Amino acid sequence: MSEVPGRPKQARTAGEAEGNPVGDAPGRPKQARAGSEAEGVLVSVEQRAPIVTRYALFEGRVHDGMTAKFRAAVLAEVLPHWTAFPGVLAVRVCFSDERDEGAPELPLILAISYADRAAVDTALASAARAQAKAATEAILARYFDGRVHHHITQAHDHVMAAAGSVAAASA
């Protein structure tokens, strides 16, 4: 990120602002540095290397009256397996609350991020993935009618951090 005239040279990544220097950790992407003197101003903290994210889109419907149980089961019974995948950087479990008129129903969207495609392949071949797949299938049989499809993406994150929180971390 280029220097902005009139702004101090305070430099912190978004992770550092939260007390976690993820940009400096081995195997984690480096992040550009940003800073600002103004409270409430948003600054983009750009990620230098794209992250590979494998999405699982659960397209269909949860059985009537079972949404809360479905969500609880996913978090209690499957999430621990997903977080145990080798090479995982982040797991994001998203439960849908609303959708556009005419859009397909996606009650669950799972995003698991890795440093590169080789890490995805390692995770897919792991025992943890086999256990997660079995636990997922058990939950789907109890609560869900539909299909699951996967998409592998390269994410170019532009994390927006409040400039005041970035500046405060450097104090």
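Every read-out reported here was derived from the displayed coordinates using simple, explicitly stated rules and does not represent laboratory data. Here the structure is a predicted model, which means the values were calculated and not measured. FYI the Cβ positions are ideal-geometry reconstructions off the backbone, even for glycines, and counts take in every protein chain you see.
Worth pointing out:
- Order by protection proxy (mean Cβ within 10 Å, highest first), peptides 140-150, 113-123: 113-123, 140-150
- Averaging the sequence gap over all C-alpha pairs within less than 8 Å and six or more residues apart, then dividing by the number of residues, gives region 51-155 a relative contact order of 51 percent.
- Theoretical gain in end-to-end length, A130 to K69 [0.36 nm per residue, Cα-Cα removed]: 19.7 nm
- Cα gyration tensor shape of region 51-155, rounded if a/c is under 1.5, else prolate or oblate by comparing a/b with b/c: oblate
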